[in-house]
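As structure tokens, the structure follows; a few thoughts come after it.
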Amino acid sequence: MKMIRILAVALMGMAFSSVALADEFTESDLKRWQEQFDGVVKQGRSLWTDGKLGTNGVACAQCHPNAANTHPETYPKFQKQLGKVANLWEMVNWCLRNPLQGQPLEADDAKMTAMLAYIAWERRGVKLEPGKH
Amino acid sequence: MSQTFDRRTFLRNAALGVSASTLPFTLVELAFAKPEDTFTFAYISDSHIQHIKGTQFVRNWDRGLIRAVAETNLLTPKPDFVMFGGDLAQLGNKPELDHGAEMLSKLKGKVYHVMGEHDYYLDLGEYWSKLFGPQYYSFNHKGVHFIVLNSILTYDDWTFNRWPSPEQRMLEMAGLDNPNGSPFMVGDKQREWLRKDLAKVKKSTPIVVFSHSPLQKIYKGWNFWTEDAEQVQALLAPFDKVTVFYGHVHQIQYNQIGNISFTSAMATAWPWPYPQSYAQAEQLLPKLTVQMNRADPFFERDATGWQLIDIHSGRSRVNFNLYNNKGRTVAFDEKTGTPVDSAYQAPESRTPPQAHF
Ligand SMILES: [Fe+2]
Ligand SMILES: [Fe+2]
């Protein structure tokens, strides 16, 4: 017990003497996380423009250039056509089934994550308005 | 709240069948218009017929064109001609152009064609020209001088040197938001032709120009843009009455620059978002334009449609026939000297359309 207290005091001393905080992210952490995210966004963009995502050659970008008019900031929201509050991934699946005449993806499918990441990236900076139509 | 109500009203009107039989023809003609000066034509654009394989085509886009053709054929009185505004095909191949041409062949009466980038960049318009003729031309009709331009050309280096195959060149240009694309232009050769063509025309003759891209600069990122727009506008500037119609943007836009009135066409295939809905870029959508309602993806044909245009005294009145919303009319207003929507007025007095995000 006493040992731990001494250690804690010592650590606090270190924290105050140098400017860095105890749990500061390292440069290499930040770099890695950013690279991971950017890579997934890039993958999302390539799926977005890929005519092979569905079965009829139609790509998401054909109706949604730069993922415009997907308004991710308004989800989840009530979709009268689905009769319930829906998440954006459910709408992505709606598009996969209908205009793309393809198969829906699992919510946690890596492809779905990538497309949602791309949509969010193109909409960065817009304030969240969940539920809005 | 009122916006929700408006939308519901639109949908109800659509459900009640605001159809070809009740299309909004011009009821009021200008006092000085001679009856023989008034005529109508239909304007269908951007059908993007898309080949899947064998005899299969994307059903959704087929339906848009089939509907426009059927409704145009129901018009009484018959329009004098039909203008097809370009992007008949999606990737410019023979099956798509043939299938599109076959559907258009059901139209009664004369059909004119404008070249779109989706028709062009596979074989540089070769097969299209076999089917439809020259890529730019002019003709006179009831006192109006009509000009059709191929405005989707671009820098030679991009067209001839940049891509390993015609197929890839077509794919790169087909992506609206593709940063590898290249800005559209009319080009020196055609502008010289235009200058000579216009030299024979009296300044009081009404001029109507068709191009695929807007002959004005709206948003370069999606090629809602023509690189030499100002130079083309300068050639049109000496004339009293000039109207430019363009496709490509898949949405209602209108504008006035000097003496030139601009009006776009909707697509029969799918609507495009207004550039302002892309949060990461500046754009210059004309202030005059009252935007369309945001499309409801659950109605396949929502925010698509075609146009019936009547020309009286050399000025145009464009009736937008939306499939799932109430139709809209944008007509040249002699008082303001600009195109004005007959329902949605100037910002201070207008009923706003549905909010956009
Ligand atoms: Fe188009
Ligand atoms: Fe186009």
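On average, how much area does the Cα convex hull of the protein assembly as shown cover when viewed from any direction, in nm²? Intermediate results must be reported in sequence, preceding the final value.
Working: hull surface 120.9 nm².
Projected over every direction and averaged, the Cα hull of the protein assembly as shown covers 30.2 nm².
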Let me have the relative contact order for region A:31-133, percent, based on Cα pairs under 8 Å that are six or more residues apart. 37
With the cut-off at 1.5 for a/c, could you classify region A:31-133 from its C-alpha gyration tensor as rounded, prolate or oblate? oblate
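Quick one: of B:LYS106/B:LYS130; B:LYS78/B:LYS130; B:LYS220/B:LYS326; B:LYS142/B:LYS200; B:LYS142/B:LYS241; B:LYS108/B:LYS142, which pairs are farther than 25 Å apart, Cα to Cα? Intermediate results must be reported in sequence, preceding the final value.
Details: B:LYS106/B:LYS130 19 Å; B:LYS78/B:LYS130 28 Å; B:LYS220/B:LYS326 30 Å; B:LYS142/B:LYS200 17 Å; B:LYS142/B:LYS241 15 Å; B:LYS108/B:LYS142 19 Å.
Those over the limit are B:LYS78/B:LYS130; B:LYS220/B:LYS326.
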Please label the shape of chain B as rounded, prolate or oblate, based on the square roots a ≥ b ≥ c of the eigenvalues of the alpha-carbon gyration tensor (a/c under 1.5 means rounded; beyond that, a/b larger than b/c means prolate, else oblate). rounded
What is the Cα convex hull volume of region B:177-279 when expressed per residue in Å³? 105
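With the cut-off at 1.5 for a/c, could you classify region B:90-206 from its C-alpha gyration tensor as rounded, prolate or oblate? Before the final figure, lay out each step's value.
On the way: a/c = 2.67, a/b = 1.35, b/c = 1.98.
It is oblate, given that a/c is not under 1.5 and a/b is not larger than b/c.
Computed from the coordinates by the stated procedures, all read-outs in this text should not be read as laboratory data. Computed from a predicted structure; not experimentally measured.
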